[in-house]
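This report concerns only the one structure given below.
The values are calculated or read from the model by the stated rules, or taken from the named source; none is laboratory data. All of these numbers come straight from a predicted model, not from anything done at the bench. Positions of Cβ are backbone-derived with ideal geometry, glycine not excepted, and every protein chain shown enters the neighbour counts. Accessible surface areas use protein heavy atoms only, side chains included; no ligands, DNA or RNA. Shrake-Rupley method; radii C 1.70, N 1.55, O 1.52, S 1.80 Å.
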Amino acid sequence: MVTTLLVVVIVLAIAFDYINGFHDAANSIATIVSTKVLSPFQAVLWAALFNFAAYFYFTDHKVANTIAKTVLENFITLEVILAGLIAAIMWNLFTWWFGIPSSSSHTLIGGFAGAGMAKAASLGVNIMSAINLAPILKVVAFIVLAPVIGMVISVVISIIILHISKNARPSVAEKWFKRLQLVSSAALSFTHGGNDAQKVMGIIYVAMVASNVLQTGDKMPEWIPISCYAAIALGTMSGGWKIVKTMGSKITKVNAFEGVAAEAAGAVTLGITEHFGIPVSTTHTITGSIVGVGLLKRVSAVRWGVTVSLLWAWVLTIPVSATLAAIVYGIIHLFF
């Protein structure tokens, strides 16, 4: 049965995807803007196009399935999902306002898990019995692994490109790198859409199961992925200029060649993790890739003070989102 609360949850979930888009726009466009290959306006249109194009390729919904299993079915109610979404939106907007490139994925997972644990507490049972530790531990592990993998791949790609182009004239090479950056940026936007849109798809699906509109195991209605991919693409078109500045210049100065290597490495990493159904942070992945190209120049080329502050945001996102969600659930529980 479709209830008002279910409609509210779906609207908020799609709103979160929109916020995810403008919060994470910097991941796809920061280097292409900082190297002046495209203007900011052109870059967001380019990224949004490939965000939505991912809908036609990523049809297995593995990441959505992982998100849906974060909280055990017995503890999933619309109130739990609502609390998780509100907390995730709050943290996303807070970090966006201060230009902190935190993870929308981890915000959503932390919020959902925190609300589920609050539900368990309200029933007087062990809070850990509400969550499925396997997907959560996988996500936590990739807080470290995703940027490291991105960094390693970006170093390898950089070395390969340098070897191939070692005899090229600098002016000719630069021209080709700027063209290639259009391709690498498109690839990153494509995999970003495929990875991030699925997270909200999983949330909407479990909300419909909790409302008995769908049964566990039913095929996901096609309007859910279309809505989520459209929302994240529209969000990307809205930009996110504070985070662009952090990603595009504060970590390390990036030229066109390094932009190609970083974006290609980010795209490869996201493609691999999506294949295995691991909901990783696009932000963490591209940050690691940018650090990798910086390290190839010299260790001092990376602004480690900025990088360390980003790490703190990464570590805090899941527990802060979970705590916020538990508080929000407590408030919601008073009225439902």
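So that you can scan it fast, the table gives a plain yes or no per residue for (1) aliphatic (A, V, I, L, M); (2) in contact with a Cys (Cβ under 7 Å, 6 or more places away or on another chain); (3) open to solvent by less than 30 Å² (accessible area, probe 1.4 Å); (4) farther than 30 Å from Ile332 by Cβ:
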{"site": "Val9", "(1), (2), (3), (4)": "yes, no, yes, no"}
{"site": "Thr66", "(1), (2), (3), (4)": "no, no, yes, no"}
{"site": "Glu73", "(1), (2), (3), (4)": "no, no, no, no"}
{"site": "Ala113", "(1), (2), (3), (4)": "yes, no, yes, no"}
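What residue, of Glu263, Glu274, is over 12 Å from the mean Cα position of the chain (by Cα), surrounded by 19 or more Cβ atoms within 10 Å (Cβ to Cβ), modelled with pLDDT of 80 or more and acidic (Asp, Glu)?
Values: Glu274 fails: over 12 Å from the mean Cα position of the chain (by Cα).
That would be Glu263, the only listed residue that is over 12 Å from the mean Cα position of the chain (by Cα), surrounded by 19 or more Cβ atoms within 10 Å (Cβ to Cβ), modelled with pLDDT of 80 or more and acidic (Asp, Glu).
Quick one: is Trp97 open to solvent by 20 Å² or more (accessible area, probe 1.4 Å), closer than 25 Å to Ser184 by Cβ and not polar (S, T, N, Q)?
Values: open to solvent by 20 Å² or more (accessible area, probe 1.4 Å): yes; closer than 25 Å to Ser184 by Cβ: no; not polar (S, T, N, Q): yes.
So Trp97 fails the test.
So in region 51-64, with the set limited to residues that are open to solvent by 50 Å² or more (accessible area, probe 1.4 Å) and among the hydrophobic types (A, V, I, L, M, F, W, C), which one is nearest to Ser122 (Cα to Cα)? It would help to see each step written out before you state the result.
Step one: of region 51-64, the residues open to solvent by 50 Å² or more (accessible area, probe 1.4 Å) are 52, 56-57, 59-60, 62.
Keeping just the survivors that are among the hydrophobic types (A, V, I, L, M, F, W, C) gives 52, 56.
Working: Phe52: 40, Phe56: 42 Å.
Within region 51-64, the match that is nearest to Ser122 (Cα to Cα) is Phe52.
Looking at (1) open to solvent by 20 Å² or more (accessible area, probe 1.4 Å); (2) closer than 16 Å to Ser211 by Cα; (3) modelled with pLDDT of 90 or more, can you tell me which one Met1 breaks?
(3)
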